[in-house]
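Visitor: To start, I am sharing the structure in question, which I have written as structure tokens.
The values are calculated or read from the model by the stated rules, or taken from the named source; none is laboratory data. Treat the numbers as computed from the prediction; the structure is a model and nothing was measured. For neighbour counting, all protein chains shown are included, and Cβ atoms are generated from backbone atoms with ideal geometry for every residue, glycine included. Surface accessibility is based on the protein's heavy atoms, side chains included, excluding ligands, DNA and RNA. Shrake-Rupley method; radii C 1.70, N 1.55, O 1.52, S 1.80 Å.
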Amino acid sequence: MIKQTVSSPNTKYIFVTGGVTSSLGKGIISASLAKLLQARGYSVTIQKLDPYINVDPGTLNPYEHGECYVTVDGAETDLDLGHYERFLGIQTTQANNVTTGKIYQTVITKERKGDYLGKTVQVIPHITDEIKRRIKLLGSKHKYDVVITEIGGTVGDIESLPYIEAVRQLKWELGPTNALVIHLTLVPYLAASGELKTKPTQHSVKELLENGIQPDILVLRTERELTTELRKKVALFCNVELEAVVQSIDVSTIYEVPLMMQKQNLDLTVLKKLALKEGHELDLTPWIEFLKKLKNPKTCVRVALVGKYVELQDSYKSILESFIHAGAMNDCKVAVNCIHSERITENTIDELLGDMQGILVAPGFGDRGIEGKILSVKYAREKNIPFFGVCLGMQCAVIEFARNVLGFADAHSTEMVRATEHPVIDLMESQKGVTEKGGTMRLGVYHCVLKRGSKAQKAYGTSEIMERHRHRFEFNNEYLKDFEKAGMVAVGINPDSNLVEIVEIPSHKWFIGVQFHPEYQSTVLRPHPLFVDFIRAVLENSK
Ligand code: GLN
């Protein structure tokens, strides 16, 4: 637990904006700064404002926006919230991710109720007021010392404008030591002239100024070391103090960024500007220990991640990060081979999986690539290769077992084949009347009781767990007896609904399928026990 010795009488707000291009890593900078403030004893949370019109990213294809991250209270959110949780070890909620869709939905619902008393409803003030309310909600409700709000998109985008205006107003209302703006930009290196260029940064700051915001701190993304000269130039032209021009140079792992920020005193600069005490000596010992392990692996293992969104690494962000955490814990590097399930057939499987020491079948939706996933399960089961099935991956394990062990050749999930004779995975009763797609799955945290002596129970070291869900389909309990007789056991059960949450094949080296998403709960300082145990088994298998 974080020692909490300092606190602020009123919540302070930090806004993080981005300029020049997207994908500069605002989420990582926000999480890193939060980490440093947390390590100084402050309670911090981070919020992401996304300018798109979807009410949440739950309905987005992973190719569009990467993984959809799920919070304990069942919000389907931006993957940056995953970074916040992994860095800080805190739990985020519905309030931590706001989209333009949510803002408008609230305002329009109020308008229909007649709450605006005959007034014309406009972007300013009604939309901006709702944005401000959502920002301040975290400060008022949960009593954080500092709330960091990351504004998605890039300054200058049409859809970001109301957010920038809301930030301008809040900064003015809250006063100079209660709010500050950190602007993240890019300093490109031009190989032809051998120079780093500050002009895009200057332009991007001008853009912010045009919108009435003077940034207090600039974080410059760069591939090369910035000289003091260059930082001075940026400080002068962008009207910020020299110590407030911070470089964010490319590093080998995102987990190094907090230390890199600390070296440049970003935390102290922020505290000074917010008139907050320095707090206690920064203690990042466990974090540094983790980094040491991460950077000095004793061995390397090869794990296959079988999924269908593998072209975009962000689609499986939390799983990939969980492997990083679990690898460090086991002093080994986990080389993850993302394999497209559509490529896996009887003919290619040996070539694609033959070299793997562990196989994870990923979550997913729909029937594209499903047979490749089922074949991968069969391969792992028959060859006694450690297997981890996550959500759809667990459902594939159940289908495979039904087909090849129980002999139900047509066994399937009713998600893929509605009229299958053997619906071993089926829609929950409560899902049958659901017609709307957004926010209607089984979402958020649920209890699960583990069977004593099972591998899962040993890995967790406890008999009761809470895990996060995001799915519509479930193990069909009508078949449970058949499965257990044949050697696949339900070792995790939801005590309220009796739903099967974990299956295991006890006679196998390590074969576990989970209906939930353990990857959402793995953090740097508390790697997920199932990932840790899976990698342990993979390591053993590789010896
Ligand atoms: N498509 C499956 C379901 O809805 C699995 C979902 C998932 O893997 N997250 O039940």
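Visitor: Can you run down the residue pairs with Cβ atoms below 6 Å, 6 or more apart or on separate chains, where the first is in region 442-468 and over 10 Å from V491 (Cα atoms) and the partner is β-branched (V, I, T) and not in a loop (DSSP other than H, G, I, E, B)?
Guide: Matching pairs, first to second residue: E464/V449; M466/V445; R468/V70; R468/V445.
Visitor: Related question: Being away from the ligand (no atom under 16 Å from the Cβ), aliphatic (A, V, I, L, M) and assigned to a loop (DSSP other than H, G, I, E, B) is the filter here, so list the residues in region 322-367 that pass it.
Guide: I344, M356
Visitor: Would you please name the residue that is most open to solvent (accessible area, probe 1.4 Å), looking only at residues in region 417-444 that are within 13 Å of the ligand (Cβ to nearest atom) and basic (K, R)?
Guide: Top of the filtered list is K437.
Visitor: Additional query: Out of (1) closer than 23 Å to G212 by Cβ; (2) at pLDDT 95 or above, what's the single condition that is false for G101?
Guide: (1)
Visitor: Still on this structure, please answer the following. Restricting the search to region 407-416, which residues are under 18 Å from M394 (Cβ atoms) and surrounded by fewer than 21 Cβ atoms within 10 Å (Cβ to Cβ)?
Guide: F408, T414, E415, M416
Visitor: Please work out if K136 is within 28 Å of the chain's Cα centre (by Cα) and in a helix (DSSP H, G or I).
Guide: On the way: within 28 Å of the chain's Cα centre (by Cα): yes; in a helix (DSSP H, G or I): yes.
Spelling it out, K136 is indeed within 28 Å of the chain's Cα centre (by Cα) and in a helix (DSSP H, G or I).
Visitor: Right, another one. E130 is checked against (1) touching a helix residue (DSSP H, G or I) at 6+ places or on another chain (Cβ under 7 Å); (2) in a loop (DSSP other than H, G, I, E, B); (3) acidic (D, E) and fails just one. What number does that condition carry?
Guide: (2)
Visitor: Considering each of R526, R468, R442, R536 in turn, give the residue that is among the basic types (K, R), within 25 Å of R86 (Cβ to Cβ) and touching a Phe, Trp or Tyr at 6+ places or on another chain (Cβ under 6 Å).
Guide: Numbers: R526 fails: touching a Phe, Trp or Tyr at 6+ places or on another chain (Cβ under 6 Å); R442 fails: touching a Phe, Trp or Tyr at 6+ places or on another chain (Cβ under 6 Å); R536 fails: touching a Phe, Trp or Tyr at 6+ places or on another chain (Cβ under 6 Å).
Unique residue meeting the criteria: R468.
Visitor: Every residue in region 141-176 that is in contact with a strand residue (DSSP E or B) (Cβ under 8 Å, 6 or more places away or on another chain), more than 17 Å from D50 (Cα to Cα) and not in a strand (DSSP E or B), please. Please lay out each step first, then the result.
Guide: Here is the first cut: in region 141-176, the residues in contact with a strand residue (DSSP E or B) (Cβ under 8 Å, 6 or more places away or on another chain) are 142, 144-155, 160, 163-164, 167, 170-171, 174.
Still in the running and more than 17 Å from D50 (Cα to Cα): 142, 144-146, 170-171, 174.
Those that are in contact with a strand residue (DSSP E or B) (Cβ under 8 Å, 6 or more places away or on another chain), more than 17 Å from D50 (Cα to Cα) and not in a strand (DSSP E or B): H142, Y144, D145, L170, K171, L174.
Visitor: Would you be able to say whether some residue in region 376-391 is open to solvent by less than 50 Å² (accessible area, probe 1.4 Å) and on the phi > 0 side of the Ramachandran plot?
Guide: yes
Visitor: Here are some residues: V20, V55. Which one is in contact with a strand residue (DSSP E or B) (Cβ under 7 Å, 6 or more places away or on another chain), in contact (Cβ under 8 Å) with a residue 40 or more places away in the chain, open to solvent by 10 Å² or more (accessible area, probe 1.4 Å) and at positive phi?
Guide: Working: V55 fails: at positive phi.
Result of the check over V20, V55: V20.
Visitor: Could I ask something else about it? Does S454 satisfy the criteria of being more than 21 Å from the chain's Cα centre (by Cα), hydroxyl-bearing (S, T, Y), surrounded by fewer than 21 Cβ atoms within 10 Å (Cβ to Cβ) and within 18 Å of F388 (Cα to Cα)?
Guide: Working: more than 21 Å from the chain's Cα centre (by Cα): yes; hydroxyl-bearing (S, T, Y): yes; surrounded by fewer than 21 Cβ atoms within 10 Å (Cβ to Cβ): yes; within 18 Å of F388 (Cα to Cα): yes.
Criteria met by S454.
Visitor: Sticking with this one: Go over the candidates T222, T269 one by one and state the one that is closer than 19 Å to H203 by Cβ and buried (at least 17 other Cβ atoms within 10 Å of the Cβ).
Guide: Details: T269 fails: closer than 19 Å to H203 by Cβ.
Of T222, T269, the one residue that is closer than 19 Å to H203 by Cβ and buried (at least 17 other Cβ atoms within 10 Å of the Cβ) is T222.
Visitor: Hey, M394 hits all of (1) under 14 Å from F511 (Cβ atoms); (2) within 13 Å of the ligand (Cβ to nearest atom); (3) in contact with a Lys or Arg (Cβ under 8 Å, 6 or more places away or on another chain) but one; which does it fall short on?
Guide: The number of the failed condition is (3).
Visitor: Residues of region 16-60 being assigned to a loop (DSSP other than H, G, I, E, B) and among the basic types (K, R), which ones?
Guide: The initial filter retains those residues of region 16-60 that are assigned to a loop (DSSP other than H, G, I, E, B), namely 19-25, 40-43, 51-56, 60.
Residue satisfying the conditions is R40 alone.
Visitor: For region 405-441, how many residues meet the condition of being part of a loop (DSSP other than H, G, I, E, B), of a type in the set (G, A, S), closer than 24 Å to S497 by Cα and modelled with pLDDT of 95 or more? Lay out the reasoning, then the answer.
Guide: First pass over region 405-441, keeping only residues part of a loop (DSSP other than H, G, I, E, B): 405-411, 414-422, 428, 432-441.
Next cut, of a type in the set (G, A, S) only: 407, 409, 411, 419, 433, 438-439.
Add one more test, that the residue is closer than 24 Å to S497 by Cα, and what stays is 411, 433, 438-439.
From what's left, modelled with pLDDT of 95 or more: 411.
Within region 405-441, residues that are part of a loop (DSSP other than H, G, I, E, B), of a type in the set (G, A, S), closer than 24 Å to S497 by Cα and modelled with pLDDT of 95 or more number 1.
Visitor: Could you list all residues from region 443-493 that are in a strand (DSSP E or B) and aliphatic (A, V, I, L, M)? Write out each step before concluding.
Guide: Filtering region 443-493 down to residues in a strand (DSSP E or B) leaves 443-450, 464-471, 473-475, 489-493.
Of everything in region 443-493, those that are in a strand (DSSP E or B) and aliphatic (A, V, I, L, M) turn out to be L443, V445, V449, L450, I465, M466, V489, A490, V491, I493.
Visitor: Tell me, please, whether a residue that is farther than 30 Å from K292 by Cβ, open to solvent by 20 Å² or more (accessible area, probe 1.4 Å) and within 16 Å of the ligand (Cβ to nearest atom) can be found in region 520-540. Lay out the reasoning, then the answer.
Guide: Going through region 520-540, the residues farther than 30 Å from K292 by Cβ turn out to be none.
No: zero hits.
Visitor: Looking only at region 449-471, which residues are more than 16 Å from the ligand (Cβ to nearest atom) and basic (K, R)? Don't jump to the end; show me each part of the working.
Guide: Going residue by residue through region 449-471, those that are more than 16 Å from the ligand (Cβ to nearest atom) are 449-466.
Within region 449-471, K451, R452, K455, K458 qualify.
Visitor: So how many residues does region 189-207 have that are assigned to a loop (DSSP other than H, G, I, E, B) and of a type in the set (A, V, I, L, M)?
Guide: Residues of region 189-207 that are assigned to a loop (DSSP other than H, G, I, E, B), as a first pass: 191-194, 197-198.
Within this subset, residues satisfying the condition of being of a type in the set (A, V, I, L, M) are 191-192.
The qualifying residues number 2.
Residues checked against (1) in contact with a Pro (Cβ under 9 Å, 6 or more places away or on another chain); (2) closer than 25 Å to E278 by Cβ; (3) of a type outside the set (S, T, Y):
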{"position": "Y42", "(1), (2), (3)": "no, yes, no"}
{"position": "Y52", "(1), (2), (3)": "no, no, no"}
{"position": "C68", "(1), (2), (3)": "yes, no, yes"}
{"position": "A75", "(1), (2), (3)": "no, no, yes"}
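Visitor: Please find, within region 472-491, the residue that is farthest from E400 (Cα to Cα) out of those that are within 16 Å of the ligand (Cβ to nearest atom) and open to solvent by less than 20 Å² (accessible area, probe 1.4 Å).
Guide: Filtering first and then ranking leaves E474.
Visitor: Just one of the numbered conditions (1) at pLDDT 95 or above; (2) in contact with a Ser or Thr (Cβ under 8 Å, 6 or more places away or on another chain) is not true of K35; which one?
Guide: (2)
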